Amino acid sequence: MLIGIVGKPSTGKSTFFMAATSVPVERSPRPFTTIKPNRAVAYVEVECVDKEFNKQCNPRSGFCVNARRFVPVELLDVAGLVPGAHEGKGLGNKFLDDLRQADVLVHIVDASGSTNEMGEKVPVGSYDPCNDVRFLEQELDYWIKGILDNNWGKLVREAKLSKKNEDMLTTQFSGLGMTKDVIVKVLKESKLEDKNLADWTEEERLGVCKKIRHIGKPIIIAANKCDLSTGWDNYQKLKKTFPEYVVIACSAEAEITLKGAAKANFIDYIPGDRTFTIKAELNPEQKKAMDIMKLVCDKYDGTGVQKCLNAAVFDFLHYIAIFPGGGNLIDSQGRLLPDCFLMPQTTRAIDFAFKLHSDIGNGFIKAIDYKTKQAVGKEHLLHHRDVIEIVFKKP
């Protein structure tokens, strides 16, 4: 699972990345501070099943606090995109290509309106952040269309060999991580399943690319810098202007501050919470900072960073969390419920078996729902927070 962090320069993409991953990266108000993509692990929150067993889990990766399990996902922060990126402006083609394998995109928008379309600093509130949403849509649409146009002649020739449109386009866009199911849905919605490619108009080709972007590269808007003077009003404007998007009020700087204070043992703070508890004596400057953090969290219901990650995985990709079961839920190292896998909501028992290991999938006999003790077959659809034991024949 790969979440791409996108947007124009100087909106706080690298700050969001650092807030989500705790990995230090270079940050600067100068455009194009990030050139080489940053890649690291962040976490999404799952209600842990350990509470059902009255025990405390011991994750192999991630962590768990009070039955709140934080499961690792990958984040990719690419350099800022500017208008004309799909034509190569600002090294845009390279940056867009870095996003090929991203499953979902988080668009970091400067809700304060303090950076123009090139990422240059302007007076707070003087720039309309709604422009950035339209710009990113257009750049992604034309980038995808460029991929299609580059091989259009070849695709038209192959169409004459009676190859299906869905098969040709699936092959064409496999490098973007598009599945055949996505392509079939796009063609059906466009009413182009059976129309000869040679007869497609430019408008139809662009329309298909727009749908591929919409379905295959879903976008969440992180209205960053909401804590600045014009941030809240622009956040509301973004929600009203783009009702089809999930827009989340966000302050990546506040998240970094809170995580830093928690690491220094000044406060108790769990990512995603709107509250924190001061646990140490603070000097006047520290107290003032924490008072500001409290105001931010109260107004925006937290910093928004964890909300964006959770929404990306569960609300947009509709993934479910599956825990391997078996025995007494303890692995050979003595860890209780050590693993939690994020899987598509269409996951069957046999899919989960192969996820664990190819030998387990090949030797599949049955699956057992650890909570109900009921045996199920390979085609059984799994559900969020299932605990599943796979019984298999060893090779």
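The values are calculated or read from the model by the stated rules, or taken from the named source; none is laboratory data. What you see is a predicted model; the values in this text were computed from it and never measured. Glycine gets a Cβ as well: all are built from the backbone with ideal geometry, and neighbour counts include every protein chain shown.
Determine if segment 311-322 includes at least one residue that is of a type outside the set (Asp, Glu), surrounded by 19 or more Cβ atoms within 10 Å (Cβ to Cβ) and at positive phi. Scanning segment 311-322, I find no residue that is of a type outside the set (Asp, Glu), surrounded by 19 or more Cβ atoms within 10 Å (Cβ to Cβ) and at positive phi, so the answer is no. Cβ separations smaller than 6 Å between residues 6+ apart or across chains give the following pairs from segment 258-285 residues that are of a type in the set (Lys, Arg) to residues that are surrounded by fewer than 16 Cβ atoms within 10 Å (Cβ to Cβ) and in a strand (DSSP E or B): LYS279/ASP268.
Matching residues to (1) modelled with pLDDT of 90 or more; (2) in a loop (DSSP other than H, G, I, E, B):
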{"position": "LYS94", "(1), (2)": "no, no"}
{"position": "LEU99", "(1), (2)": "no, yes"}
{"position": "GLY113", "(1), (2)": "yes, yes"}
{"position": "GLU117", "(1), (2)": "no, yes"}
{"position": "GLU158", "(1), (2)": "no, no"}
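For segment 152-204, residues that are closer than 26 Å to VAL104 by Cβ and small (Gly, Ala, Ser) total 4. Taking the numbered list (1) at pLDDT below 90; (2) at positive phi in turn, VAL23 passes all entries but (2). Is it true that some residue in segment 122-133 is free of Cβ contacts under 8 Å to residues at least 12 places away in the same chain, out of contact with any helix residue (DSSP H, G or I) (no Cβ under 7 Å at 6 or more places or on another chain) and not in a helix (DSSP H, G or I)? Looking for residues that are free of Cβ contacts under 8 Å to residues at least 12 places away in the same chain, out of contact with any helix residue (DSSP H, G or I) (no Cβ under 7 Å at 6 or more places or on another chain) and not in a helix (DSSP H, G or I), one finds at least one in segment 122-133, hence yes.
Applying the condition of being closer than 27 Å to GLY231 by Cα and acidic (Asp, Glu) to segment 269-296 and asking which residue is surrounded by the fewest Cβ atoms within 10 Å (Cβ to Cβ) yields GLU285. Taken over segment 144-199, the criterion of being small (Gly, Ala, Ser) and either under 26 Å from GLY4 (Cβ atoms) or in contact (Cβ under 8 Å) with a residue 12 or more places away in the chain (or both) is satisfied by GLY146, ALA159, SER174, GLY175, GLY177, SER190, ALA198. Out of segment 226-240, which residues are at pLDDT 95 or above and in contact with a helix residue (DSSP H, G or I) (Cβ under 7 Å, 6 or more places away or on another chain)? Result: LYS237, LEU238.
For (1) over 23 Å from the mean Cα position of the chain (by Cα); (2) without any contact (Cβ under 8 Å) to a residue 60 or more places away in the chain, each residue gets a yes or a no:
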| site | (1), (2) |
| --- | --- |
| CYS297 | no, yes |
| PRO324 | yes, no |
| LEU329 | yes, no |
| LEU336 | yes, no |
| PHE352 | no, yes |
| ILE368 | yes, yes |
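Looking at TYR235, is it surrounded by 23 or more Cβ atoms within 10 Å (Cβ to Cβ) and not acidic (Asp, Glu)? For TYR235, the condition - surrounded by 23 or more Cβ atoms within 10 Å (Cβ to Cβ) and not acidic (Asp, Glu) - is met. Consider segment 345-377 and keep the residues that are part of a helix (DSSP H, G or I) and aromatic (Phe, Trp, Tyr). The one that is farthest from GLU389 (Cα to Cα) is PHE354.
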